[in-house]
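Colleague: There's a structure below that I have some questions on.
Bear in mind that the values in this text are calculations on the coordinates, not laboratory data. Owing to the predicted nature of the structure, the values given are computational and were not obtained by experimental measurement. Virtual Cβ from ideal backbone geometry, glycine too; neighbours counted across all protein chains shown.
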Amino acid sequence: MLNKTALSFQTKCVHSGNGIDQETGAIRRPLIMANSYRLPEDASEMNWSDPNQLVYTRNTSANQIYLQQKLAALEGGEDCVVLATGVAALAGVFFTFLEQNAHIICSNVSYIAVYRLLNEYFPAKYAIETSLVDTADIEEIKRALRPNTRIIHIETPGNPTTRVSDIAAIAKLAKEAGALLTVDSTFASPFLQKPLELGADLVIHSLTKYINGHGDAMGGAVIGRKELIDAIKRQAMVNLGGAISPFNAWLIMRGVVTLPLRMKQHSETAMKVARFLEGHPAVSFVAYPGLESHPQHDIAKRQMSLFSGVMAFGLKADAAIHNQFLNSLELIVPAVSIGHDESLMVYTGPQDERNHFYPPEFRNGHLRFSIGLEDADDIIADLQQAFKQCGLE
């Protein structure tokens, strides 16, 4: 019999969570848009909030279960919970494992919703203490540890700086401190980085980004040990109502199949574009983990197989020219998000309230650039014509 646990990543992307539909014989899981399921003949002793039994779609849905099986296989986790958005997944982790007066250490530059949750809402509502630190600096994390530290949360690569944190080293610290290490691995995807293998307790993804890959569905996922995932399912999915829609789960299931192919293309193209930008006289800096100039390049080489498709860069110009450059692009789309098939770029000016946490080169504003699946030469040509329109040749 075939050892399915030993299958390659690419094969798991195709087959994990999939199966023959018993009613029709279809070789692909169907979209099941039901919000209720047939109860057993005797439901008197049922757990009506069971997140692993098909009763009501707020608890779980068939398409959600299939997607959870696939993602758990890809990350090498015991179990997975899929939620409505990446933010729902992050909030679900914090809500489940941070009790009143607990302490959390978090990357000081992270996704804005994480900053809001941990720096504003959770402290005000639950007296939770948050230490925002440079998680690329192990000594900063050590100094921030407290007896009541319950979670160390990192993004790696981080948004938008592409900062890389050493997962294995931080996992060791977290274990010694009795804290959970949670890793937002959205920028890397399961194909390029394996946080659980490096010692993390939970890995989090915005499925909206690379895992879906088509810019047409939203979702979030948390993968890890079964007892941890069960707690998130009970508290943050069933009783906070963060369930994903069956249609979005079905769309993301479809998107995962091509994940390894897309990530190779994103990464290869991004490297070419990053080298082009780094050599351009009008560019003040480029932050991309694949470049030797990146401050954590050696860590990235050690814990990532490729370097993904997101970078940040700045121009030797003011905010007006940055905006002119962005709006001169003809192929690259001015829009938020990452991981789409089309290249996306967004300008963030110097007014960000977290500005003092950014590396110095970011503080006058930067362009976050998500490389799509277009040909590298075409992307570079679009950048060149935008430079020319702005007088930055």
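Colleague: Please report Rg over Rh for the stretch 256-301, where both radii come from the alpha carbon positions and Rh follows the Kirkwood definition. Intermediate values should be presented prior to the final figure.
Modeller: Working: Rg = 12.4 Å, Rh = 11.7 Å.
Taking Rh as the inverse mean 1/r over Cα pairs, Rg/Rh reads 1.06.
Colleague: Here is a follow-up. Around Q296, which amide H atoms from residues at least 5 apart in sequence, or from another chain, sit under 5 Å from its own amide H, with H modelled in the peptide plane?
Modeller: Hits under the 5 Å cutoff: V164.
Colleague: Sticking with this structure for a sec: Within straight cross-link reach of K264, meaning Cα distance under 25 Å, which lysines are found once same-chain residues fewer than 8 apart are removed?
Modeller: K4, K12, K70, K194, K209, K272, K301
Colleague: Now for a separate question. Between L181 and residues 5 or more places away or on another chain, which pairs have amide H atoms under 5 Å apart, with H built 1.01 Å from N, and which residues are they?
Modeller: Close amide H contacts, sequence-distant or interchain: I152, D201, L202.
Colleague: Please sort by residue number the trypsin sites (Lys or Arg not before Pro) in the stretch 290-350 whose DSSP state is loop and whose Cβ has at most 13 other Cβ atoms within 10 Å. Can you show the working numbers first?
Modeller: Values: sites: K301, R302, K316; in loops: K316.
Filter output for the stretch 290-350: K316.
Colleague: On to the next question. So what J values fall out for the stretch 4-16 if you push phi through Karplus, 6.51 cos²θ - 1.76 cosθ + 1.60 with θ = phi - 60°, rounded to Hz, Gly and Pro as x?
Modeller: 6, 6, 9, 5, 5, 4, 4, 5, 4, 4, 7, 9, 5
Colleague: Just in the stretch 320-385: which GluC sites (Glu not before Pro) are loop by DSSP and have at most 15 other Cβ atoms within 10 Å?
Modeller: Details: sites: E330, E342, E353, E361, E374; in loops: E330, E342, E353, E374.
Answer by residue number: E330, E342, E353.
Colleague: Calculate for the chain the 222 nm mean residue ellipticity that helices alone would give, adding -39,500 (n - 2.57) per DSSP H run of length 4 or more and normalising by residue count, nearest 500 deg cm²/dmol. Before the final figure, lay out the partial values.
Modeller: Numbers: 14 runs with 134 residues, N = 393.
Helix-only estimate at 222 nm: -10000 deg cm²/dmol.
Colleague: Working from the alpha-carbon coordinates of the stretch 258-390, get Rg over Rh, Rh being the Kirkwood radius.
Modeller: Numbers: Rg = 14.2 Å, Rh = 15.0 Å.
In the stretch 258-390, Rg relative to Rh is 0.95.
Colleague: I've got another one for you. Let me spell out the model: positive unit charges on the Cβ of Lys and Arg, negative unit charges on the Cβ of Asp and Glu, origin at the Cα centre of the stretch 231-379. What dipole size does that give, in debye rounded to 20?
Modeller: On the way: 13 positive and 15 negative charges, 156 e Å.
Once rounded to the nearest 20, the dipole reads 740 debye.
Colleague: In addition: Are there any chymotrypsin sites (Phe, Trp or Tyr not before Pro) in the stretch 38-103 that are in a DSSP loop and have at most 13 other Cβ atoms within 10 Å? List them by number. Before the final figure, lay out the partial values.
Modeller: Working: sites: W48, Y56, Y66, F94, F95, F97; in loops: W48.
Answer by residue number: W48.
Colleague: Can you list residues whose amide H is under 5 Å from T130's amide H, if they're 5+ apart or on another chain and H is modeled 1.01 Å from N?
Modeller: Correct list: I104.
Colleague: Report which label in (i) 20.1, 67; (ii) 23.9, 72; (iii) 21.5, 75 holds the value of Rg and Dmax of the Cα atoms in Å derived from the coordinates of this structure.
Modeller: Matching the structure shown: (iii).
Colleague: OK, next. What list of ³J(HN,Hα) couplings, whole Hz, do you get for the stretch 308-320 from phi and the Karplus terms 6.51, -1.76, 1.60, once you set θ to phi - 60° and write x for glycine and proline?
Modeller: Each residue of the stretch 308-320 in turn: 6, x, 10, 9, 10, 8, x, 10, 7, 6, 8, 4, 4 Hz.
Colleague: Okay, next question. Any chance you could check the Cα centroid distance between the stretch 210-287 and the stretch 62-129 for me, in angstrom?
Modeller: Here the two parts' Cα centres lie 15 Å apart.
Colleague: Turning to a different aspect of this structure: Expressed as a whole percent, how much of the Cα-Cα distance distribution for the stretch 277-334 exceeds 19 Å? Walk me through the numbers before you get to the answer.
Modeller: Numbers: 672 of 1653 pairs.
Result: 41 percent of Cα pairs exceed 19 Å.
Colleague: Residue by residue, what Karplus-based ³J(HN,Hα) values in Hz, rounded to whole numbers, does the stretch 218-226 have, using 6.51, -1.76 and 1.60 with θ = phi - 60° and x for Gly and Pro?
Modeller: Karplus values, whole Hz, x for Gly and Pro: 10, x, x, 9, 10, 10, x, 5, 4.
Colleague: Under the rule a/c < 1.5 gives rounded, and otherwise a/b versus b/c splits prolate from oblate, where does the stretch 315-386 land using the Cα gyration tensor?
Modeller: On the way: a/c = 2.37, a/b = 1.63, b/c = 1.46.
Prolate, since a/c reaches 1.5 and a/b exceeds b/c.
Colleague: Have a look at G178, P30, A88 and report the one farthest towards the positive end of the charge dipole of the chain, computed about the Cα centre with Cβ charges (Lys/Arg +1, Asp/Glu -1).
Modeller: G178
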